[in-house]
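The structure appears below as structure tokens.
The values are calculated or read from the model by the stated rules, or taken from the named source; none is laboratory data. The structure displayed is predicted, hence computed values, not measured ones. Cβ coordinates were reconstructed from backbone atoms using ideal geometry, including for glycine residues, and neighbour counts include every protein chain displayed.
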Amino acid sequence: MKFKFLNIVLAGLIFSASCLVNVANAGVIGIDLDGNADDYTTSTSSEWTLGYEFNLSSSASVSGLGFFDLDGTYGSTTVGLWTSEGLLLGTVNTINHTVTETLTANGQWMWEFMDFSIELEAGDYVVGTWGESGSDFIFDGPITQNTLAYTNNRSIQSGNFSFPTNTGLYIEHGYFGANIMFEDSVSVPEPSTIAIFALGMIGLASRRFKK
């Protein structure tokens with residue numbers, strides 16, 4: 001009976017550790033959509049590389065780059081991250097990266113994210129996307145800003161993936177096709193630390209019961 005109790009405790013600790021692992025891996029979407037569907041305008045284009053410029057007031061860890069998706073269908077799509085001066089820091093593409101679907105905050109559409117890891121210092125950056133067969137984008141509606149501060153829209157009509165040099169075109173708010181995901185800043189215990197603690201507690205309890 002005592003050992004059955006120990007097994008239950010161990011199972012509970014392992015389950016708790018797995019939950020904490022999930023929390024640790026959660027990401028924070030840089031720009032999200034929290035308005036009603038009719039607040040926004042949506043479109044699709046293969047002529048433009050579209051994105052936005054943002055500022056980081058402190059260093060941050062990037063965990064993914066992604067793009068806006070209207071209906072779950074997309075072709076070869078590239079997302080890039082630059083400094084505000086145009087230095088390319090990296091790209092991801094749907095052809096050679098696993099794509100993970102994440103609902104927008106209002107539950108109306110999707111963000112499609114791909115793993116991309118980089119440490120960014122405080123400063124100004126640009127994220128942009130282009131789709132070979134057309135990429136979806138959205139604008140004119142309310143946004144939520146997380147970790148970053150949105151500063152300007154970015155675009156260029158080039159017919160291919162390019163650094164979006166133009167700012168402030170046509171609309172006051174940004175073209176949200178491209179997006180970025182940051183690692184969650186919430187501090188949680190490492191899974192290995194939890195496992196060691198759990199095994200130690202089980203060992204001590206076992207010795208006590210044997211006596």
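See the values below:
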item: In segment 147-203, the residues that are of a type in the set (A, V, I, L, M), surrounded by 15 or more Cβ atoms within 10 Å (Cβ to Cβ), under 26 Å from Ser59 (Cβ atoms) and modelled with pLDDT of 60 or more; result: Leu148, Ala178, Ile180, Met181
item: Hits in segment 77-101 - residues which are hydroxyl-bearing (Ser, Thr, Tyr), part of a strand (DSSP E or B) and surrounded by 17 or more Cβ atoms within 10 Å (Cβ to Cβ); result: Thr77, Thr78, Thr91
item: Test: residue in segment 62-74 that is of a type in the set (Val, Ile, Thr) and touching a Pro at 6+ places or on another chain (Cβ under 6 Å); result: no
item: Within segment 43-69, considering residues that are within 12 Å of the chain's Cα centre (by Cα) and small (Gly, Ala, Ser), the one surrounded by the most Cβ atoms within 10 Å (Cβ to Cβ); result: Gly66
item: Some residue of segment 114-123 being farther than 19 Å from Val28 by Cβ and crowded, with 16+ Cβ neighbours inside 10 Å; result: no
item: Members of segment 132-141 found to be over 19 Å from the mean Cα position of the chain (by Cα) and either closer than 22 Å to Ser63 by Cβ or loosely packed, with under 14 Cβ neighbours inside 10 Å (or both), listed by number; result: Ser133
